[in-house]
Amino acid sequence: MRDKKIEKLIKEEEKRQREGLELIPSENYVSEDVLKANGSVFTNKYSEGYPGRRYYGGQDFTDQVERLAIERICKLFKCKFANVQPHSGAPANLAVYAALLEPGDIVLGMDLSHGGHLTHGHPMTLPAKIYKFVTYKMKNPDTGEIDYEDMRKVALAHKPKLIIAGFSAYPRTLNYKKFVDIAHEVGAITMADMAHIAGPIAAGVLRNPFDDGFDIITSTTHKTLRGPRGGIILTRESEEIAKKIDKSIFPGTQGGPHMHTIAAKAVAFGEAMTPKYKVYARQILKNAKAMAEVFKKNKIRMIGGGTDNHLILADVYGSLGVTGKEAQTVLDEAGITLNMNSIAGDTRKPLDPSGIRFGTPAITTRGFKEKECKKVAELMITVLKNKDDKKIKEQIHKEIKKLAKKFPIPKKFV
Ligand code: DSN
């Protein structure tokens, strides 16, 4: 590269990723092919519109790329329509709201403090200023069970136009059928924001909300799905909804699609169709369960009592007297990256909450199995229990570097 300053920073980031362990559950490593497509000449192209109906010339190859991405993702999720243009998850969700709702309409989503996502109605977001969000919660944070009876009551009282299933910090499975039944009772459309678990769903190892009749799925493509940073909106079968969503993405909320990213999405979707990807997705869940077992053995409270998916939310403040921020900092010093997270009923502030959130998509890509994951969980707990002991942290950092070296980040997945 001619820009030496940026080149140096890229190299340093590469080293950080290579030598440390990535446990942020929404992060992953993409293949060399995905990187190549993402860094391709498609970045030079404007393609407003959709395949076959664009506003600019020169679309012979962009059209083929976008059609391939659509065809592959529809096959993976068993749906009729896909929009692969959303720049990421938040714009995907905003576009669905704008497509289906009028200002002031009511949306029912999971409470942020119980695992929901900012874009499902946090007061500081644009959608919350336009639409009215009401929420459902867990019945019991120690089992993670959703309070479906209360959800139904809230739905009957507020008559939402849209009901959202989905989360960014919830470790259990959702009963999609119950969402659909409640939605039918009040005449709502159903949307599943599957950003975190899109990979295991695509691989058939977690339940597909479309199988229970959900109307729409939104997702990012860079988490468990192991693609470039981006978003998608899938529609099970309603052409009317799909058309509204297309209009809502362009020209409603976005301009020219990022064709280089769409090319990289198509590559990732192709990789997700392989038998090897199914094995990977299954292993993500096995690895998360293995880590949860170690936390349980050490009597560290986990929201939901464990995990059915790729992530764990641990109450480190309640169990060890270490705040989420302290835990994030000391684990970072030991070469383990994760994030602090609020937990249901948290008495602490979001910038120094009681919990940590971590998961296994990235270390599973490196080839970690249950044995290594248990080891990492044990090392994490040792660091947390000895957070002020510099020597122990240094020792563990060495062990983490050794583990990382033994499991290099792969360049090819198929
Ligand atoms: N930032 C993503 C996550 O970490 O869950 C969701 O937006």
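The values are calculated or read from the model by the stated rules, or taken from the named source; none is laboratory data. Please read these numbers as outputs of a predicted model, since none were measured by experiment. Cβ: placed from backbone, ideal geometry, glycine included. Neighbour counts: every protein chain shown. SASA here: full protein model, heavy atoms, side chains in, ligands and nucleic acids out. Shrake-Rupley method; radii C 1.70, N 1.55, O 1.52, S 1.80 Å.
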Principal axis box of the stretch 22-76, alpha-carbon based, largest edge first, Å: 43, 27, 17
Between HIS260, VAL322, ASN83, whose Cα lies farthest towards the positive end of the dipole of the chain when Lys and Arg beta carbons carry +1 and Asp and Glu beta carbons carry -1, centred on the Cα centre? VAL322
Take each of the peptides 71-84, 134-147, average the number of other beta-carbon atoms within 10 Å over its residues, and list them starting from the highest. 71-84, 134-147
Whole-Å distance linking the alpha carbon centroid of the stretch 247-266 with that of the stretch 269-320 is 32 Å
Positive end of the charge dipole of the stretch 331-414 (Lys, Arg +1 and Asp, Glu -1 on Cβ, about the Cα centre): tell me which of GLY335, GLY367, VAL414 has its Cα farthest that way. VAL414
Nearest-20 debye value, the chain charge dipole, Cβ charges on Lys, Arg, Asp, Glu: 1320 debye
Only Lys, Arg (+1) and Asp, Glu (-1) charged, at Cβ; the stretch 163-280 dipole about Cα centre in debye: 520 debye
Show me the ranking of peptides 346-356, 297-307 by mean Cβ neighbours inside 10 Å, starting with the highest. 297-307, 346-356
Given that compact globular proteins tend to follow 2.2 N^0.38 Å, what is the ratio of the alpha-carbon Rg of the stretch 300-358 to that value? 1.02
Express in nm, to one decimal, how much length is gained between GLU14 and ARG2 on full extension, taking 0.36 nm for each residue of separation and deducting their alpha carbon distance. 2.5 nm
Can you give the Kirkwood hydrodynamic radius for the stretch 59-159, in Å, rounded to one decimal and based on Cα pairs? 15.9 Å
Which residue, LEU126, LEU118, LEU21, tops the fluctuation ranking in a GNM of the chain built on C-alpha contacts under 10 Å? LEU126
Can you tell me the relative contact order of the chain? Whole percent, Cα pairs under 8 Å, sequence separation 6 or more. 23 percent
Local net charge near ALA69, Cβ-Cβ under 12 Å (Lys/Arg +1, Asp/Glu -1): +1
If packing is taken as the average number of other Cβ atoms within 10 Å across a peptide's residues, how do 34-40, 389-395 rank, most packed first? 34-40, 389-395
Could you compute the FRET efficiency for ASP150 and VAL41, with r as their C-beta to C-beta distance and R0 at 60 Å, rounded to 0.05? 0.70
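What whole-number value in Å² describes the accessible area per residue of the stretch 321-414 for a 1.4 Å probe? Don't jump to the answer; show the numbers that get you there.
Working: 4650 Å² over 94 residues.
That works out to 49 Å² per residue.
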Considering only the stretch 1-153, what is the antiparallel percent among its DSSP beta bridges, to the nearest 5? 45 percent
Under a 1.4 angstrom probe, counting protein chains only, how are THR337, THR360 ranked by accessible area, largest first? THR337, THR360
Calculated [θ] (222 nm, deg cm²/dmol) that DSSP helices of n ≥ 4 give over the chain, each run adding -39,500 (n - 2.57): -13500 deg cm²/dmol
Kirkwood hydrodynamic radius of the chain, Cα pairs, Å: 22.0 Å
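Where the convex hull is taken over the Cα atoms of the stretch 257-385, what is its projected area averaged over directions, in nm²?
Averaged projected area of the stretch 257-385's Cα convex hull equals 9.4 nm².
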With +1 on each Lys and Arg Cβ and -1 on each Asp and Glu Cβ, how big is the dipole of the stretch 22-115 about its Cα centre, in debye rounded to the nearest 20? 420 debye
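Give the carbon-plus-sulfur fraction of the accessible surface of the chain in %, rounded to a whole number; probe 1.4 Å, heavy atoms of protein chains only.
Carbon plus sulfur share of accessible area: 54 percent.
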I'd like the accessible area for HIS258, computed on protein heavy atoms only with a 1.4 Å probe and all protein chains in place. Round to 10 Å², please. 80 Å²
In nm², the average projected area of the convex hull spanned by the Cα atoms of the stretch 1-113 is 12.0 nm²
Taking the Cα centroid of the stretch 380-414 and of the stretch 45-86, what is the distance between the two, rounded to the nearest whole Å? 42 Å
Assign one of three labels to the stretch 178-221, namely rounded, prolate or oblate, based on the Cα gyration tensor with a ≥ b ≥ c the square roots of its eigenvalues; rounded applies when a/c is under 1.5, prolate when it is not and a/b is larger than b/c, and oblate otherwise. prolate
Anyone know which of THR382, THR218, THR119 comes out most mobile in the 10 Å Cα GNM of the chain? THR382
From the mean inverse distance of alpha carbon pairs (Kirkwood) and the Cα radius of gyration, derive Rg over Rh for the stretch 329-383. 1.03
Under 5 Å from the placed amide H of ARG348, counting only residues 5+ away or on other chains, we find SER354
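Please label the shape of the stretch 320-414 as rounded, prolate or oblate, based on the square roots a ≥ b ≥ c of the eigenvalues of the alpha-carbon gyration tensor (a/c under 1.5 means rounded; beyond that, a/b larger than b/c means prolate, else oblate).
Oblate shape, in that a/c is at least 1.5 and b/c is the bigger or equal ratio.
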